[in-house]
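The values are calculated or read from the model by the stated rules, or taken from the named source; none is laboratory data. No experiment lies behind these values; they were computed from the predicted model shown. Positions of Cβ are backbone-derived with ideal geometry, glycine not excepted, and every protein chain shown enters the neighbour counts. Quick note on the areas: whole protein, heavy atoms, side chains included, nothing else; ligands and nucleic acids left out. Shrake-Rupley method; radii C 1.70, N 1.55, O 1.52, S 1.80 Å.
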Amino acid sequence: MELDIINWNNKEVLDLLEKDKISSSIIEICKSQDIDGQCLLSLIDRDFYEYPFDQLKLGERKRFVLLVKRLQRKNRASMFELGLCDDPYFSNPATNINILRTNLSHLSYNLHNQLQNELAYSRDTDCISNFTPEVKASKLKPEVWKTLIALGYVFLVTWLTAVVMVIVHDKVPDMKKYPPLPDLFLDNVPHIPWAFDMCEITGSLLLAIWLVVLFFHKHRFIILRRFFALAGTVFLLRCFTMLITSLSVPGSHLKCEPRFYPPADDLTVWGRRLKQAYDIWSGAGMSVRGVRTCGDYMFSGHTVALTLLNFFITEYTSRNLYLLHILTWVMNMFGIFFILAAHEHYSIDVFIAFYLTSRLFLYYHTLSNNQALMQNDSSRTRIWFPLLSFFESEVDGIVPNEYEGPTTVLNNLKEWFLQLVSDVKTCSMAKIAGSKLQEGAAMGEYSVVKLVDGIKRNLSLIEEYKNSRQRLVTLDKNVQAGMLDELPDNELRYKKVTEMAGESLLQNFSTPPSPASKKSI
């Protein structure tokens, strides 16, 4: 029978505990902690093992737990009303309340940090059997700028690979002195002349499928920079293996000889090598585009390309497309077979290429899909996988295989293009405004300089005027003194009297006459 426990106060809870002969210690705890009916229904298993119940004896705790579970099972409707249970009609006598589906926010619990403790104490709850951790990424920023960096990285590495291929071609071992090495596959499979072209056609088909997947995938920028990062890393490793050891030519049908350059300076020789490297790089190293190289055997670049395309197609397409996955694997294996049937590489070249490419793909995706592993060992990850730490810093889980229709893709491209145009306009306007400000500042600075120069010139003119005036006064005095020396004594006395009279007259005019003076006048 369901009790109306949701409306019970603390006294009614204590009466129930006394009636069921629960320990006095538990009664005192419920009294001191003001446990009412709603609190009793919201108790979870962990509460019984923490303060204030952590000091109870085992028997006391177990009897109290059984009582609470029995009450919770009989009050499913009340628990549903409180938001503690999803289904008020489902009742399993062997289970406790639905803990993980309880609104833990009102209990101030952090589910992300305390999930393991909840699972440890709640093995027998309703939702544990159906619980599966959410491992899909919650942060999936496109970060186009990182994709552009990855594109630049793969361009740089492929150019370096082309240069290394030219270098190793120039030091390929003499076929007469170093015949082909024993090989289990090449010694038992006849040479097929058209096989290598078929390998490259197979790779082109895989590339076409991969481009279609990229076009419709919602998170195309994330998987594209992963592709660039892995391709660049594998081909960078290939540069080292090609330089370290030069293997002999694997088949007598290959016309491989070191290139001999006419006498010239080192600059001219390296100019020709760079020209040949550009031909290899622009032709993507494919024989169907006229590229023929020797000495680049350890390890096979064609196998790397085939394997990467196969793995990325199978990883980023729906698991329901198993026929497509079977097709890509068949094409990958047939492409490898065609390489060996053409006797373009040793078997060890192909095996090492497939192993390294597949392992790097798996390592990269294992760490990027399990960010907790990378965070717990972040220092070592940054050292050994710097590209992973940089490119996957904003991806915290598995990238879901979500796709967009052609209309959505075209609309996104249109919005991206309009945003790009707007950003360019904003940037150009900012540059124009900056240039105008610089011009204004330059003009203001020029005006200030001119003003200072004008003030300096005026001051110099004033000073020059003062000096010239002083010189004129001195000259005038000298002239007057000379003239007085030439005058006779009578004229001199007359001049002095005249000057004195003039000075007195000036004094008289300078001060107005008094009324008495006016009257006498």
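Structure values in brief
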item: Test: residue in the range 278-293 that is open to solvent by less than 20 Å² (accessible area, probe 1.4 Å) and basic (K, R); result: no
item: Top-ranked residue of the range 1-50 - restricted to ones that are outside any helix (DSSP H, G or I) and among the charged types (D, E, K, R), ranked as nearest to K74 (Cα to Cα); result: E2
item: Selection count where residues are in a loop (DSSP other than H, G, I, E, B) and either open to solvent by less than 60 Å² (accessible area, probe 1.4 Å) or modelled with pLDDT of 90 or more (or both), scope the range 143-179; result: 4
item: Any hit, the range 207-219, residues being in a helix (DSSP H, G or I), modelled with pLDDT of 90 or more, buried (at least 19 other Cβ atoms within 10 Å of the Cβ) and not β-branched (V, I, T); result: yes
item: Cβ pairs under 8 Å, 6+ apart, first in the range 18-32 and at negative phi and open to solvent by 80 Å² or more (accessible area, probe 1.4 Å), second assigned to a helix (DSSP H, G or I) and of a type in the set (A, V, I, L, M); result: E18/I27; K31/L14
item: Residue match in the range 115-137 (condition: at pLDDT below 50, hydroxyl-bearing (S, T, Y) and open to solvent by less than 50 Å² (accessible area, probe 1.4 Å)); result: yes
item: Filtered residue count, the range 180-206, keeping only those that are crowded, with 19+ Cβ neighbours inside 10 Å and within 18 Å of L308 (Cα to Cα); result: 5
item: Pick from the range 294-315, criterion part of a loop (DSSP other than H, G, I, E, B) and in contact with a Ser or Thr (Cβ under 9 Å, 6 or more places away or on another chain), ranking: surrounded by the most Cβ atoms within 10 Å (Cβ to Cβ); result: D296
item: Those residues of the range 48-83 which are on the phi < 0 side of the Ramachandran plot, open to solvent by less than 80 Å² (accessible area, probe 1.4 Å) and at pLDDT below 75, in sequence order; result: L82
item: Qualifying residue in the range 342-352 (condition: assigned to a loop (DSSP other than H, G, I, E, B), under 21 Å from the mean Cα position of the chain (by Cα) and modelled with pLDDT of 80 or more); result: no
item: Selection status of S318, open to solvent by 30 Å² or more (accessible area, probe 1.4 Å), part of a helix (DSSP H, G or I) and farther than 16 Å from C199 by Cβ; result: no
item: Every residue from the range 387-407 that is open to solvent by 60 Å² or more (accessible area, probe 1.4 Å), part of a helix (DSSP H, G or I) and either modelled with pLDDT of 85 or more or of a type in the set (V, I, T) (or both); result: F390, T407
item: Verdict on L360 being in a helix (DSSP H, G or I), out of contact with any His (no Cβ under 8 Å at 6 or more places or on another chain) and surrounded by 15 or more Cβ atoms within 10 Å (Cβ to Cβ); result: yes
item: T328 vs. criteria of a type in the set (S, T, N, Q) and surrounded by fewer than 24 Cβ atoms within 10 Å (Cβ to Cβ); result: yes
